[in-house]
Structures are given as C-alpha cells and as structure tokens.
Amino acid sequence: MPDLLFEIGTEELPPSLIENLTNQIKNNITSELKEKYIEVKDEQVKTYNSPRRIAIIIDNLPRIQEIKELEVKGPDKTKAFVDGKPTQAAIGFAKKYNLEPKDLKIKEVNGSEYVFVNVKIGGGEVKSILSETLPNSLKKTTGDKFMKWGNHEEKFARPIRWITAILDKDIVSFTYAGLTSSNKTTPHRFNKNKSIEIKSPKEYEELLSKNNTICDKTKRKEKIQNLLNNKADEIGLKPLIDESLLNEVANITEDPAALICQFDDSYLELPECVIETVLRKHQKYFVLKDENNKLTNKFVVITNGTGKEENIKKGNEKVVRARLNDAKFFYEEDLKRPFTYEERIKDLSKITFQKGLGTMQEKTERVVELSEYIFNLISKSKDEIKNGKFQLKKNTLLDGAKLCKLDLVTHMVFEMPELQGLVGKEYAIKNSFSEIISSSIAGHYNPSNIDTAGMIIGLADRIDNLICLFSIGKIPTSSTDPFALRVQTNWLFNIVDRLQDQYSTTLNINSIIDSHSKKIKADAEIGQKVKDFLKERFRLRCESTHTALPDHINAVFATKDPLDNIQDCSQNINLLSKYFTTQEEKEKAFLVAAKRSIKIVSNDTSGSLDTDKLKTGEEKTLLNHFNEIENNSSYKDIEEYYKTLRELSTPINSFFEKVLVNDPDPKIKEARQGLLKKGKMLFEKICDFNQIVERN
C-alpha cells in the first residue's frame, strides 16, 4: 500500500503558529479522507515542521477508494408522486444519482412514507481524490495573521514557495496559489543544493537530514539540548534550559549549531532578572550559570547552520552589549529616586488603570484597603498572623501592598513590561525594605506557597480586577477574555486554598466581594455577576482538576455555596468522586435509604421535633443515631463523618418498614417529619444525596 508525502514550503513562519498550522492541515486531510471513505488511523500519520516547511506523511493508504452501498432517503412520497406520476422532486432526486424515477423505492419511516435509492459510492482512485483533498486542506486552514501575496487570492500565514505531493513515486498533481505540486523540495536556505528530488516518502526525513535540514522538531530539540550541555561543559558551567524557549528556538532553526558568547563583567551588577530578560526573552539566547547557580557573563547562541562563526559571535555580542547598556542606564536612573510610596505614588496618578476605573494610584489604594480586610479575616483582627516560625505583621503587609504597583512608573518596566514585579522587588531591596516586603511585590503576580504577603496582596488585586472590570461591562464571553479574568480566577482559587491550608482559616469569598463592592460603590447586581462567574469557574475547575461528575458537583452546590468555603466544597466533591463514581453495595444501599428519607420530607415542614410523639422503637432508634452524629465533634475529616452516616442505612430502612410517616394524627405526622428533617440536615453537611445518580 502506498505512502503519501505532502509538504508545503514557505517563507519563515512565526514560531508560535507552526504547531497549530501543522495540526490544522493534518486534521483537514484526515477528516476529508474519512468523509470519502478512506480511513486513516492516528498511528499512520507522522507530521514534520520547521520554520520553512510543514509536512504530513500518511503510511499505507489504499490505491482505490472503498466501495460502499448506501440507502439514501429522498422526499416524502406525497411530494415525489402525484396520482402515481413522478413530480419534479422525484425526477431531480433520481437524476442526482443517475437513475430514473422508476428505480426509486418507497419505505415507511416513523409512520410516513419516503422515497429511497440504493447507490454504490466509492471505487475512485485515491491519487485523484488526494489531488482535491490536499489543496482543500490548505483552503480550510485559518489564522488571525494570514496574508495574501502576489496576485493570488489564497491566504496563508506566510507566502507558500513550493508544494511537494507524492503517493509513493507518483506525483499527486494539483495547482494552488499559482504553484504546481511536484516531487521536489528545498532544503536549508544555505545548502548548496537548492532543490532535491524525493523518490519516496520513506526517504524524506533522511534526505533532508543529509542536506543540513532536520525536519523533525523533536530531534532538533534534542540536538539543541545536547549542544547546550556540551558547550557549557567545555567551560565548566551549566545552561538554564527553559522549555518554552527551547520550543521557540527549535521553531526558528532547521540546522541548529551553538556558539558561546560573552558580555562585559560590569553588567553583572544589574539584577539577574534584567539580564535574563534581555538574553532569553528578547534575544532568544540561553544563559549559563556557575556551580553556585549564579549568573555568569557567558551565554549560548543557537544559530541556524554553521559558517562565519566569528562574525556571528561578534554580531550577537554587539547586540547584547547595546541592550545591556540601555538596561544599565534605566537601572541607574531609577535608583536616583527613592523607591517609596511617598515619593512615587503621585506618578501612578498619571497612569490610567482602565477607562472609567480611575488611575493606578486609586487602584493601589483599593488593593491596600482590601489586603487589610483579608488580613483581618485571617488574623481574627489581630496585628499579626503566624504559621510556625513565620509571622506577618499587618504593617509589613500594608507596606508591600503600597509598593506593589510602583515599578510601573520606572524606566525599566516602561521599556521591559515583563519585568513588572520582579524589578520592583530588586528596587525595594536596594531601598532597604525587608525580604518579606520586597518578595511580596513580585509575589503578588505569581505567589509562592511561602509568600503569605504576596498571596494576600495577589488575592486583593485579582478580586479588585474582577469587580471593577465587571462594573464597566468587561465580562468574559465564550470567545473573548481580553483581561484574562479566567486565568486570574484560577489563581484566586489557588491562593484561597493555600491560605486556608496554611492558617487553618476560612476565607469567605462572598463576604470579601460584598465588602469590596460596597467600598467601591458597585451595584449589588455587579457583585452577584462576579459571584456567578466565580461559581461557574469553580465548577469547571472541579471537573478538570478533580475529575468530578456533574451530578456530584450539583449535589454539593445544592447545599453549599462554594464561595463560602471552597476547600470544604472541594473535599465534599472529592468524597463523592471516591465513593459514588463506581458505587459498591454499601454506597448503593445508603443512597437508596438517604433518598427515601429526603424525598418524603415536606417543604413546609417546620423542623420542630416533639420527641414525646415518637413512640415506636424504630423512631427512637433512628433519633438516637441522629443525636449521636449531631453531638459528635471528634470527626477527623469529612470522610469519617460520611462513614458514620453510611451506617444509617439499616435503621432508616427499618423505620420505613414499620412506621407510617404521614400519620393521620397531624401531631405524630409533624414529629416524624421533624425527625426526618433532622436527618436531612445531617446529610446536607455533605450534599443533597437526592441529586446523585445511582450507578453500578
């Protein structure tokens, strides 16, 4: 069975688009082939890509399309035939399949009669089908940054310069954007061979490799990693290999090579985050560190091919020198002014937070105020919070909150916005602020588990963002989220989880939102929209991180507002996932008993319980069980509490076998309803079991 090779050659593609384009083209091809009854399994498909090419190889395709016999439904009989004669509808339907009206059959479907035809589909030559499918796969590929070139109407991320399409040795012939497909490809731009002929898809990768082109991204990444490690070993250093940078560099090279370069030692006086940003983010270089994990003045440049190494080295060092020189100037200028709230807060008044939401000065003041409110919730209104040896004083937290946005008005952040927070931390250290205060400036953007101040300030910042942006209608939709509020919400939940864990406290997100909404005079409706948004995000979080089933989430949400205590909510959902995803006999028995006792409780039951009206042994036994569970405060966790509830299956069943709940005597009925409501309230500490689906 023949193999297919389909390659498009382009001008250099943006690194961030390559994977998406490759997957789109692959999926477009396999989907259309499937529609044409040519099945392609995942293991048959191999993709290749580089800055200048995207290639798909499909192994073992048939030469002839599979023949299928299909029964095709047509119009209603009453519309197809009138007085036994075919109408235009019948004639047209038959003609579509090269048949006569007399060949149509009548069949009944759901009580109505329709005309049908039996047709044979398929049997076409796969090579011919591919000549339509392959250009279609390019037409269907979409992207935000697509362009036209020359006089052609076709669009792609970058101009297409050649098309290779062969089925074994045969060329799959078609024309797209003025280019005719062939069996030739173009290797690395600086290779001596400008065009090479491919005789079989099986030789594609090896043939390109011999011509200085590694078309397999995984192999390019492996080569780059080996080059980095080997070059660093030569001078006794170690490379800092960032996966995202490694991916990006692999997507801008076809024949990776490595050069060690350096910059002047004097630039090491700059904060490491500044140097790393210049080298890694801006120049796509790999920094080298010493055995103490300190940054050195050496770095590795990955080039696209070899030759003229000395010139390349000098050129890259010159660029780095200029960039670091600029950074040094910004750094020195910034340090000429004290990095203090009193000195710089007025500068923030010149920066608009968002139209309609005031300035960054006002934003900072709101974050300070909300940080204090959250601190008081954790500390129970004391002046410090403790966790083991660590303690955080309120004044320390507020100092960090006041400084958290000050670096936005520095020269360094103006030129390199990605340094916000990081450079603020460095400036705070230079101005003799404590480690806790300094770390909280960077930490409030990306808080660590040990950075309590950063977590509290980060939580305040995100809640303020949500309420304020919702108040001016900047609410995420299914297709847009320009302020990344969904991502901020995930961080919000993570922070609340960590703080509750570390300080054994409950952070009620509802009360925080209510308090802050009043402070900034936002309508109650805005606060409710924020809460609804957070609840839905929390639901999705449970589905993705806890792999919870929808009925389990609904059951917990029915009795608990997740924003009152997200940790309790998560624990209850995890409990249900553990015991009620695949239900054993104990769970099945308990679920039946629990549902039976819950369903019979009237909505208008007051819950008053006159125990003197409970006369039977079954009633008294059940009451004793309920009281024991209610009065026991020694449960170590929710799982132990559930296991105690589970033992109620037998007394509940005995109760229903011997006792008529809705007794004719209204006082007895009220007592029995009150008894079951008491049990219902015990169940609801976990969830509404009535909403859980019974499973085998």
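The values are calculated or read from the model by the stated rules, or taken from the named source; none is laboratory data. Since we're looking at a predicted model, the values are computed, not measured. Positions of Cβ are backbone-derived with ideal geometry, glycine not excepted, and every protein chain shown enters the neighbour counts. These area figures cover heavy atoms from the full protein model, side chains too; ligands, DNA and RNA do not enter into them. Shrake-Rupley method; radii C 1.70, N 1.55, O 1.52, S 1.80 Å.
Table for the structure above
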| read-out | value |
| --- | --- |
| Residue list for the range 78-94, filter: in contact with a helix residue (DSSP H, G or I) (Cβ under 9 Å, 6 or more places away or on another chain) and closer than 29 Å to residue 122 by Cβ | 80, 86, 89, 90, 91, 93, 94 |
| Residue that is most open to solvent (accessible area, probe 1.4 Å) [pool: residues in the range 17-70 that are under 19 Å from residue 254 (Cβ atoms) and of a type in the set (A, V, I, L, M, F, W, C)] | 17 |
| Elements of type strands (runs of 3 or more DSSP E) contained in the range 2-58, each with 3 or more residues being in contact with an Asp or Glu (Cβ under 7 Å, 6 or more places away or on another chain) and at negative phi | 53-58 |
| Search result, residues across the range 150-174 that are in contact with a Lys or Arg (Cβ under 8 Å, 6 or more places away or on another chain), within 25 Å of residue 189 (Cβ to Cβ) and open to solvent by less than 40 Å² (accessible area, probe 1.4 Å) | 157, 162, 164 |
| Residues being under 15 Å from residue 413 (Cβ atoms) and either open to solvent by 60 Å² or more (accessible area, probe 1.4 Å) or over 36 Å from the mean Cα position of the chain (by Cα) (or both) - total across the range 315-329 | 2 |
| Number of positions in the range 179-220 that are of a type in the set (Lys, Arg) and open to solvent by less than 40 Å² (accessible area, probe 1.4 Å) | 2 |
| Flag if residue 501 is part of a helix (DSSP H, G or I), open to solvent by 50 Å² or more (accessible area, probe 1.4 Å) and closer than 21 Å to residue 538 by Cβ | yes |
| Selection within the range 514-568 - open to solvent by less than 70 Å² (accessible area, probe 1.4 Å), in a helix (DSSP H, G or I), of a type in the set (Gly, Ala, Ser) and under 25 Å from residue 363 (Cα atoms) | 515, 517, 527 |
| Selection status of residue 342, among the acidic types (Asp, Glu) and more than 30 Å from residue 455 (Cα to Cα) | no |
| Test: residue in the range 273-288 that is without any contact (Cβ under 8 Å) to a residue 12 or more places away in the chain and polar (S, T, N, Q) | no |
| Test: residue in the range 593-610 that is without any contact (Cβ under 8 Å) to a residue 40 or more places away in the chain, open to solvent by 80 Å² or more (accessible area, probe 1.4 Å) and more than 27 Å from residue 547 (Cα to Cα) | yes |
| Set 408, 403: member being modelled with pLDDT of 95 or more, open to solvent by less than 30 Å² (accessible area, probe 1.4 Å) and under 30 Å from residue 522 (Cα atoms) | 403 |
| Complete set of residues in the range 618-651 that are of a type outside the set (Phe, Trp, Tyr), outside any helix (DSSP H, G or I) and either open to solvent by 30 Å² or more (accessible area, probe 1.4 Å) or at pLDDT below 90 (or both) | 632, 633, 634, 636, 637, 647 |
| Test: residue in the range 381-393 that is open to solvent by 60 Å² or more (accessible area, probe 1.4 Å), of a type in the set (Asp, Glu) and at pLDDT below 95 | yes |
| Selection from the range 678-696 of residues that are outside any loop (DSSP other than H, G, I, E, B) and either surrounded by 20 or more Cβ atoms within 10 Å (Cβ to Cβ) or under 42 Å from the mean Cα position of the chain (by Cα) (or both) | 679, 680, 681, 682, 683, 689, 690, 691 |
| Residue match in the range 483-498 (condition: exposed (fewer than 14 other Cβ atoms within 10 Å of the Cβ), in contact (Cβ under 8 Å) with a residue 60 or more places away in the chain, more than 15 Å from the chain's Cα centre (by Cα) and on the phi < 0 side of the Ramachandran plot) | no |
| Meets criteria (in contact with a Cys (Cβ under 7 Å, 6 or more places away or on another chain), crowded, with 17+ Cβ neighbours inside 10 Å and more than 21 Å from residue 234 (Cβ to Cβ)) for residue 357 | yes |
| Count - residues of the range 93-110 that are part of a loop (DSSP other than H, G, I, E, B) and of a type outside the set (A, V, I, L, M) | 4 |
| Candidate set: the range 124-169, residues that are in a strand (DSSP E or B) and within 37 Å of the chain's Cα centre (by Cα); chosen: the one farthest from residue 33 (Cα to Cα) | 147 |
| Checklist (1) buried (at least 16 other Cβ atoms within 10 Å of the Cβ); (2) within 23 Å of the chain's Cα centre (by Cα) applied to residue 418, failing item | (1) |
| Any chance residue 145 is open to solvent by 70 Å² or more (accessible area, probe 1.4 Å), of a type in the set (Lys, Arg), farther than 23 Å from residue 16 by Cα and modelled with pLDDT under 95 | no |
| Conditions (1) part of a helix (DSSP H, G or I); (2) at pLDDT 90 or above; number of the one not met by residue 474 | (1) |
| Identity of the residue in the range 248-272, assigned to a helix (DSSP H, G or I) and within 19 Å of residue 188 (Cα to Cα), that ends up most open to solvent (accessible area, probe 1.4 Å) | 248 |
| Near pairs, Cβ below 7 angstrom, 6+ apart or cross-chain, from the range 389-400 (closer than 12 Å to residue 451 by Cβ) to any residue that is aromatic (Phe, Trp, Tyr) | 397/375 |
| Residue ID - nearest to residue 617 (Cα to Cα), chosen from residues in the range 658-677 that are assigned to a helix (DSSP H, G or I) and free of Cβ contacts under 8 Å to residues at least 24 places away in the same chain | 669 |
| Residue list for the range 429-460, filter: more than 17 Å from residue 390 (Cβ to Cβ) and open to solvent by 10 Å² or more (accessible area, probe 1.4 Å) | 429, 430, 431, 432, 433, 442, 445, 446 |
| Odd one out for residue 615 among (1) charged (D, E, K, R); (2) open to solvent by 70 Å² or more (accessible area, probe 1.4 Å); (3) part of a helix (DSSP H, G or I) | (3) |
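For every residue, the table says whether it meets (1) β-branched (Val, Ile, Thr); (2) touching a Gly at 6+ places or on another chain (Cβ under 8 Å); (3) open to solvent by less than 60 Å² (accessible area, probe 1.4 Å); (4) more than 16 Å from residue 423 (Cα to Cα).
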residue: 277; (1), (2), (3), (4): yes, no, yes, no
residue: 281; (1), (2), (3), (4): no, no, no, no
residue: 292; (1), (2), (3), (4): no, no, no, yes
residue: 297; (1), (2), (3), (4): no, no, yes, yes
residue: 313; (1), (2), (3), (4): no, no, no, yes
